[in-house]
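The structure under discussion appears below in the form of structure tokens.
The values are calculated or read from the model by the stated rules, or taken from the named source; none is laboratory data. Not measured: the values here are computed from a predicted model. For neighbour counting, all protein chains shown are included, and Cβ atoms are generated from backbone atoms with ideal geometry for every residue, glycine included. For the accessible areas, the whole protein counts, side chains as well, though only heavy atoms, and no ligand, DNA or RNA atoms are used. Shrake-Rupley method; radii C 1.70, N 1.55, O 1.52, S 1.80 Å.
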Amino acid sequence: PARDLYAYPLNGPMTIDGKDGDWRPWLGHLREYGQNDIIDVYRHYTPATLHFDMIAGHLGDSLYLFLRVIDNRVVYRQVGSLSVHRNDHVQLAMVDPAGNYDRYTIAPMQPGMTHPFLVTSKQDGSRAIRVEPDIDAMWLPTEAGYNVKIRIPLSLVSNKTAVPVTDVDDPQSRAPIVTLGTASTADPAAIGRLLLPSAPLATAL
């Protein structure tokens, strides 16, 4: 259950604004990721350092994600930095309908609307290749950390996905503390299932 992601059927398109208002009818289905969902730990970790709630939704040709991240210190990507991982970041990994395995990283230099970077495999150093303009994301600061709302076209994802979050607290060393979430993105065989609602089945039921 922690690895798989169920996309709840939505009544209308979500506004990519970072706020939870249009998610309110589904907030009771938020799942918390924390101590039991550690993928990699590099420094001393406590749940106060990082944990997050996440929910997925589906409407038409779009998959929507909402993350409410509790982070005691948010570190953004340095202006002009070629690295997208030496800062707080959200990863997306998915198998597209053609069977290709793609990895993306959301790592803005400041709050606001952004697009993730397509990155190489972990074995190839997780280097950023290009920006993916078809995936929209809003990174909104909160008193406790930040929210991220994401819209992904279903043309980029089929039935396999993973969503990890990495915490960096020191803006000087920029060393990661912990990565936690649904599954590691290093191995496509290890990522979870994306479960989309079936309209014909729902009608039949």
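Okay, here's what the table says:
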quantity: Lone unmet requirement of (1) buried (at least 19 other Cβ atoms within 10 Å of the Cβ); (2) farther than 22 Å from Ile135 by Cα for Val165; calculated: (2)
quantity: The one condition in (1) under 22 Å from Leu195 (Cα atoms); (2) surrounded by 15 or more Cβ atoms within 10 Å (Cβ to Cβ) that Pro13 fails to fulfil; calculated: (2)
quantity: Residues satisfying the stated conditions in the stretch 113-145, i.e. closer than 19 Å to Val69 by Cβ, open to solvent by less than 40 Å² (accessible area, probe 1.4 Å) and polar (S, T, N, Q); calculated: Thr114
quantity: Filtered residues of the stretch 70-81 (kept if over 26 Å from Asp4 (Cβ atoms), in contact (Cβ under 8 Å) with a residue 12 or more places away in the chain and either open to solvent by 50 Å² or more (accessible area, probe 1.4 Å) or acidic (Asp, Glu) (or both)); calculated: Asn72, Arg73, Tyr76, Gln78, Val79
quantity: Hits in the stretch 51-63 - residues which are touching a residue at least 40 places away in the same chain (Cβ under 8 Å), surrounded by 12 or more Cβ atoms within 10 Å (Cβ to Cβ) and either more than 19 Å from Thr142 (Cα to Cα) or not β-branched (Val, Ile, Thr) (or both); calculated: His51, Phe52, Met54, Ala56, Gly57, His58, Leu59, Ser62, Leu63
quantity: Residues that are part of a strand (DSSP E or B), within 29 Å of Pro176 (Cβ to Cβ), hydroxyl-bearing (Ser, Thr, Tyr) and touching a helix residue (DSSP H, G or I) at 6+ places or on another chain (Cβ under 9 Å), drawn from the stretch 1-57; calculated: Tyr6
quantity: Residues (open to solvent by less than 60 Å² (accessible area, probe 1.4 Å), closer than 14 Å to Asp169 by Cβ and either touching a residue at least 60 places away in the same chain (Cβ under 8 Å) or aromatic (Phe, Trp, Tyr) (or both)) located in the stretch 19-50; calculated: Tyr45, Thr49, Leu50
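This table checks each residue for (1) farther than 27 Å from Ala7 by Cα; (2) within 11 Å of the chain's Cα centre (by Cα).
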| site | (1), (2) |
| --- | --- |
| Arg43 | yes, no |
| Arg68 | no, yes |
| Ser83 | yes, no |
| Gln91 | no, yes |
| Phe117 | no, no |
| Lys149 | no, yes |
| Leu154 | no, no |
